[in-house]
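Each reported figure results from applying straightforward, stated rules to the coordinates on display, with no laboratory input. Model, not experiment: these values are computed from the prediction. Here Cβ is always computed from backbone atoms with ideal geometry, including for glycine, and neighbour counts include all displayed protein chains.
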Amino acid sequence: MAVESRALELPLRAAVFDLDGTLIDSEPRNRVMWRKLFASHGVPHDEELIASFAGRRGLEVLRDLQHMFPGRTAEELFEEAISYESLPGMPPPEPVPGAVELVRSLADAGLPLAVVTSGQRAYAEGLLAVLGIRDLLDIVLTAGDVATGKPHPEGYLAAARDLGVPPAEAIGFEDAPAGVAAVKAAGMTCVGITTTQPAMALAAADHVVADLKEVNVAPGPALSVPASGARP
């Protein structure tokens, strides 16, 4: 992978990735699922409300919104929503540009790698199988592996601990504000990816890129990111 001529090099000892919207573009499908859930119960919703699910554990968001669904539990609503995944015509998940190549390059450089996702275990393992990178990851932390989901840093702190790397020496990749907040609260450098959110929504990230084609592995090892994406 070629290094950009105007780039910053970020030393690192480990890389930790979100999954949805960061490694795989499943957000269009997920948003259809949430819209169908609201529509099936006749509950008014807008794009801001649907976007609030991004980066968070769906069950936690539904508990916050349970008052909008009288007589239904958050668990029932969540099971209904995920049942829509298999409906005909649902948008298929696609790799985020550059994601598979970056993970492979990092693995080739001998760096410990983890995924921290708000998705359930079976869901996450299925998407990683689509990407073909599961065997390159040392750790996959899912919604059921933490007591508190993003924006709480528990998942990222656990990943750093299990990888044996201080959080300050790891870089986390996220596409949603809740995920960026979790990475920063864990003490990691954060690279935000604008696959699902505008750059302004990721303003708390240290660096913002359009996709993972803009991130390269440099000698050191280090990550090379566009200088224009650095946050003051």
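Once you list every other residue whose beta carbon is under 12 Å from the beta carbon of Asp64, what net charge do they have if Lys and Arg are +1 and Asp and Glu are -1?
Charge balance in the 12 Å sphere: +2.
To the nearest 20 Debye, how big is the dipole of region 33-162 about its Cα centre, given +1 on the beta carbon of each Lys and Arg and -1 on that of each Asp and Glu?
For region 33-162, the charge dipole is close to 100 debye.
Could you tell me the center-to-center distance, by alpha carbons, between region 106-175 and region 58-92 in angstrom?
24 Å
Region 16-116: which GluC sites (Glu not before Pro) are DSSP loop and have at most 10 other beta-carbon atoms within 10 angstrom?
Answer in residue order: no site qualifies.
Can you run the Rg to Rh ratio on region 33-94? Use alpha carbon positions and the Kirkwood inverse-distance Rh.
Reported Rg/Rh (Cα atoms, Kirkwood Rh): 0.94.
Tell me the volume per residue, in Å³, of the convex hull enclosing the alpha carbons of region 156-232.
92 Å³
To the nearest 20 debye, what charge dipole does region 41-83 have about its Cα centre, counting +1 at the Cβ of each Lys and Arg and -1 at the Cβ of each Asp and Glu?
120 debye
Only Cα pairs within less than 10 Å get springs; with that Gaussian network setup on the chain, which residue of Ala201, Ala186, Ala170 has the largest fluctuation?
Ala201
Could you pull out every one of the aspartates and glutamates with an alpha carbon less than 16 Å from that of Lys150, ignoring same-chain neighbours closer than 8 positions?
Asp18, Asp20, Glu60, Asp64, Glu174, Asp175
Taking the Cβ of Pro177 as the centre, find all other residues whose Cβ is under 11 Å away and add up their charges (Lys, Arg: +1; Asp, Glu: -1).
Neighbour charge sum, excluding Pro177 itself: +1.
Show me, bin by bin at 5 Å from 0, the whole-percent P(r) of the chain based on Cα pairs.
Percent of Cα pairs in each bin: 1, 7, 15, 20, 20, 16, 10, 6, 4, 1, 0, 0.
Could you work out the relative contact order of the chain? I mean the mean sequence separation of Cα pairs under 8 Å and 6+ apart, divided by the number of residues, in percent.
29 percent
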